[in-house]
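Since the structure comes first, as structure tokens, the remarks are kept for the end.
The values are calculated or read from the model by the stated rules, or taken from the named source; none is laboratory data. Because the structure is predicted, anything quoted here is derived from the model rather than measured. Counting neighbours? That spans all protein chains shown, and the Cβs are built from the backbone with ideal geometry, glycine included. Accessible surface areas use protein heavy atoms only, side chains included; no ligands, DNA or RNA. Shrake-Rupley method; radii C 1.70, N 1.55, O 1.52, S 1.80 Å.
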Amino acid sequence: MMHDKRKTGYVYSDKLLKYRFDNHHPFNQMRLKLTTELLQTAGYLNNSNIVEPPIATTNELTLVHQYDYVQAIKHASHGILSNQEADKYGLSGEDTNQFNNMHSHSARIVGGALTLADLIMKGIYHNGCHLGGGLHHALEGRANGFCVYNDVAITAKYLNQKYGQRVLIVDTDAHHGDGTQWRFYTDEEIMCYSIHETGKFLFPGSGHYTERGEDQGYGYTVNLPLEPYTEDASYLECLELSLNAIIEAFKPDIILSVHGVDIHFQDPLTHMNCTLDALYQIPYLINALAETYTDGKIIMFGGGGYNIWTVVPRAWSHVYLALTRQAKPHGALPQPWINKWTSYAPKPLPQTWNESLEHYINIPRREEISKHNLERALRIKSWYQ
């Protein structure tokens, strides 16, 4: 039976759109607004589901980040960070550059995640999603990969410290969740699982399957790097094989999942070859595991995804739909949504939930790629059986 839609929290405020490096930066939170309005226009998202995100405190941020780093972000917010400090704290390049009020806009993303975590732990919500979050590259003392504060890592530490939860982080973004991994590399209470495009050709270059944690945390970091141009069937097979074994072995109390949608074949920053069909299935698969192993306690984050008009709104809508146990929609997208955004879009908007594959290119090395991926997935599965 479908649970009451009011029991799924959805973190949103227009203030989240202010996390913006510049008008030409690929990380564009307009994708969050497009997704939210698509869900609302389609009648899936109600005001009773909305969770307003407050600004996280310094004490909350320093659950993961170094105090001097948080102070540096505050200085950068007001344009008073020296060039030397900008280099030190990862704020001097084009990927993660400084912008006005970056501390408050970044800390609000964290505050939304922690508020949602509290509401779930208190039983007010059954589960929830925070599509404006998923900033998994931010390191303890350095901005990294479009990410200032690591809301996923902070939420995991918060749940473990405040509520005594064993936390499983499941990261399906095309880029390896390096910031989250390194923060918990010696931790046995928080397990990090990342399935991603291999770092041989993609930022951040880490996430090899031999990176398994250290000391007490050995075995509590799991990486499944997939070959470039991996397609739907191989991706889903490897995800299910490895994740089922891991969750059975770890037995988490709650799951935090990162749903970057940059494994899509039309994403401009990656080299994967998946379609919306796989992206639609992933949150349903992970939510089913949460229902089985954690009594449904799960928070789903956003993450990457840089085709903000064609791919992200439809794919991220399915994150929320999976949490509310809605059937996957078919047919036409809501006409009012199309009418509103057509004049803003740099390309024709999709008209249906289903995807046209006229630009999809079948990869000649499909069998070789799939075989290589499967060997890694089976190796990981064997470690936890």
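Net charge dipole, the range 102-162: roughly 80 debye, given to the nearest 20, about the Cα centre with Cβ charges of +1 for Lys and Arg and -1 for Asp and Glu. Set against the labelled values (i) 40; (ii) 25; (iii) 14, percent of Cα pairs over 37 Å apart computed from this structure falls on (iii). Dipole of the range 206-347 computed with +1 at Lys/Arg Cβ and -1 at Asp/Glu Cβ about the Cα centre; of Tyr284, Thr310, Tyr229, farthest Cα towards the positive end is Thr310. On the range 1-79, 50 percent of the accessible area sits on carbon and sulfur atoms, based on a 1.4 Å probe.
Normalised by the number of residues in the chain, the mean separation of alpha-carbon contacts (under 8 Å, six or more apart) gives a relative contact order of 18 percent.
Between rounded, prolate and oblate, where does the range 21-138 land on the alpha carbon gyration tensor, with a ≥ b ≥ c its root eigenvalues, rounded for a/c under 1.5, else prolate if a/b exceeds b/c? Because a/c hits 1.5 or more and a/b fails to exceed b/c, the range 21-138 counts as oblate. Share of antiparallel DSSP beta bridges in the chain, in percent to the nearest 5? Here the share of antiparallel DSSP bridges comes out near 10 percent. Of the cross-linked pairs Lys200/Lys340; Lys200/Lys381; Lys7/Lys74; Lys122/Lys347; Lys88/Lys340, which ones have a Cα-Cα span greater than 32 Å in the structure shown? Violating the 32 Å Cα-Cα cut-off are Lys200/Lys340; Lys7/Lys74; Lys122/Lys347; Lys88/Lys340.
Contact order, relative form, for the range 137-213: 28 percent (alpha carbon pairs under 8 Å, 6 or more residues apart, mean separation divided by residue count).
Within the range 297-370, the GluC sites (Glu not before Pro) that combine a DSSP coil assignment with at most 10 other C-beta atoms in a 10 angstrom radius are Glu358.
For the range 277-370, just say rounded, prolate or oblate: build the C-alpha gyration tensor, square-root its eigenvalues into a ≥ b ≥ c, call rounded for a/c under 1.5, and beyond that prolate if a/b exceeds b/c, oblate if not.
Judged from the Cα gyration tensor, the range 277-370 comes out oblate (a/c at least 1.5, b/c at or above a/b).
Taking all protein chains in place and a 1.4 Å probe, what share, in percent, of the accessible surface of the range 144-227 do carbon and sulfur account for? Carbon and sulfur together cover 45 percent of it. Relative to the Cα centre, the charge distribution of the chain, modelled as +1 at Lys and Arg Cβ and -1 at Asp and Glu Cβ, gives a dipole magnitude of about 940 debye. Normalised by the number of residues in the range 192-289, the average gap of Cα pairs under 8 Å and 6 or more apart makes the relative contact order 26 percent.
Placing unit charges on the Cβ atoms of the charged side chains and taking the dipole of the chain about its Cα centre, the candidate lying farthest along the positive direction among Tyr158, Ala332, Pro346 is Ala332. Within the accessible surface of the range 267-385, defined with a 1.4 Å probe on protein heavy atoms only, the carbon and sulfur portion equals 52 percent.
In the elastic network of the chain, a GNM with C-alpha springs shorter than 10 Å, the most mobile of Gly79, Gly128, Gly199 is Gly79.
Where is the GNM fluctuation largest for the chain (alpha-carbon springs, 10 angstrom cutoff): Pro26, Pro53, Pro283? Largest GNM mean-square fluctuation: Pro26. Placing +1 on each Lys and Arg Cβ and -1 on each Asp and Glu Cβ, with no other charges, gives the range 102-247 a dipole about its Cα centre of roughly 640 debye.
Positive-end ranking of Thr41, Ile120, Pro54 along the dipole of the range 17-133, with charges on Cβ about the Cα centre, is headed by Thr41.
Taking a sphere under 14 Å around the Cβ of Ile55 and counting the other residues whose Cβ falls inside, with K and R at +1 and D and E at -1, yields a net charge of +1. Accessible area per residue for the chain is 39 Å², calculated with a 1.4 Å probe on protein heavy atoms, without ligands, DNA or RNA. Once each part is reduced to its C-alpha centroid, what is the distance from the range 306-338 to the range 81-159 in angstrom? Value for the Cα centre distance between the two parts: 25 Å.
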